[in-house]
1. I want the local charge near Glu101. Using Cβ-Cβ distances under 12 Å, sum +1 for each Lys or Arg and -1 for each Asp or Glu among the other residues.
2. What does the charge count near Ile59 come to, summing +1 for each Lys or Arg and -1 for each Asp or Glu among other residues with Cβ under 12 Å from its Cβ?
3. What percent of all Cα-Cα pairs in region 191-282 falls into each 10 Å bin, going from 0 up to the bin containing the maximum distance?
4. Lys254: which lysines have alpha carbons under 20 Å from its alpha carbon, excluding same-chain residues fewer than 8 sequence positions away?
5. Region 98-144: which trypsin sites (Lys or Arg not before Pro) are DSSP loop and have at most 15 other beta-carbon atoms within 10 angstrom?
6. For the chain, what does the accessible surface come to per residue with a 1.4 Å probe? Please give it in Å².
7. Shape verdict for the chain, please, from the Cα gyration tensor: rounded (a/c under 1.5), prolate (a/b greater than b/c) or oblate.
8. If a/c stays under 1.5 just call it rounded; otherwise compare a/b with b/c (prolate if a/b is bigger, oblate if not). Do that for region 221-264, with a ≥ b ≥ c from the square roots of the Cα gyration tensor eigenvalues.
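The values are calculated or read from the model by the stated rules, or taken from the named source; none is laboratory data. Since the structure is predicted, the reported quantities are computational estimates derived from the model, not experimental observations. Cβ atoms come from the backbone with ideal geometry, glycine included; neighbour counts cover every protein chain shown. Calculation scope for accessible area: heavy atoms of the full protein, side chains included, ligands and nucleic acids excluded. Shrake-Rupley method; radii C 1.70, N 1.55, O 1.52, S 1.80 Å.
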Amino acid sequence: MADRPKILRTVTSLRRTLEPYRRARQALALVPTMGALHEGHLKLVREARKKARRVVVSIFVNPTQFAPTEDFGSYPRTFDADVKALAALKVDAVWAPTAAEMYPEGFATRVAPEGAALAGLEDKFRPHFFGGVATVVTKLFTQVRPDIALFGQKDYQQLRVVTQMASDLDLGVKVIGIPTVREKDGLALSSRNVYLSEAERAAAPVLSRVLKACAARIKRGEPIEMVMEEGASEISRASFKLDYLEARHAKTLKPIASAKDGPIRLLVAAKIGKTRLIDNLGV
Ligand code: AMP
């Protein structure tokens, strides 16, 4: 039986736990999550284990990145199972602050990312989202002070925003992006997949299938605009309400008209029933 990781609920206990690691100059990796851990998260943790002597996983469902109409209240919470999975991967500590510890009475500061955070993708449909993410990730980085932090490419715009922010604010953390873990039929693993009904789950792989087909066609030299339009129709035919399917510059996330202006990243977001899914793929 692996040792249970230390479960830390206050900034004081976090600092006390991490101090000896720092004094011993042991490299520290942070994997930020909102819990409800699946194989995608665990891949991040395994990569962290390979790259650093000490691994901290944060589990915090961050209220400030949810709009009042979103699923903060019903977001899946599986803390005991999460800790068990992290123990098996020999994680050193789980940083699981309460909302009151993270945002005490009177909290009045917000980090406002620009650039990729205003690309007109997730930000267009979740205007509060990247401000909430940037603020909580800044706090996580300054609380834990890791050498590296691992994020999934699954949330591609978020990865770009956090990478830029860490650099702009000299946070001293190297942000590492890890490829998306998928089900056998291509559906990207997500904590929100548990919301899908059987019929919705059967329809869901259309997103990754369309991304793959569009990437192949663009690579063959077909015009991006036409490829994207046909991909969008296919997604809508599969009973999804499409928020966006776009070809963007992989780094800046600016719109891209021709493959020669690349590298290109295709990004999609769509709703099926009450569940909103996102995915993306490099060309
Ligand atoms: P979340 O708990 O959804 O906020 O995700 C925590 C981290 O896990 C983020 O960096 C996500 O991008 C990453 N992640 C989520 N799903 C996957 C996946 N299917 N493959 C790889 N990383 C993922």
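1. Values: positive: Arg9, Lys139; negative: Glu105.
Its environment carries a net charge of +1.
2. Numbers: positive: Arg9, Arg77; negative: Asp80, Asp82.
With Lys, Arg at +1 and Asp, Glu at -1, the net is 0.
3. Here the calculated profile for region 191-282 is 17, 49, 25, 8, 0.
4. Lys124, Lys154, Lys219
5. On the way: sites: Arg110, Lys124, Lys139; in loops: Arg110.
Those that pass, being in a loop and sparsely packed, are Arg110.
6. On the way: 13850 Å² over 283 residues.
Normalised by residue count, the accessible surface of the chain is 49 Å².
7. Prolate, because a/c is 1.5 or more and a/b exceeds b/c.
8. Oblate shape, in that a/c is at least 1.5 and b/c is the bigger or equal ratio.
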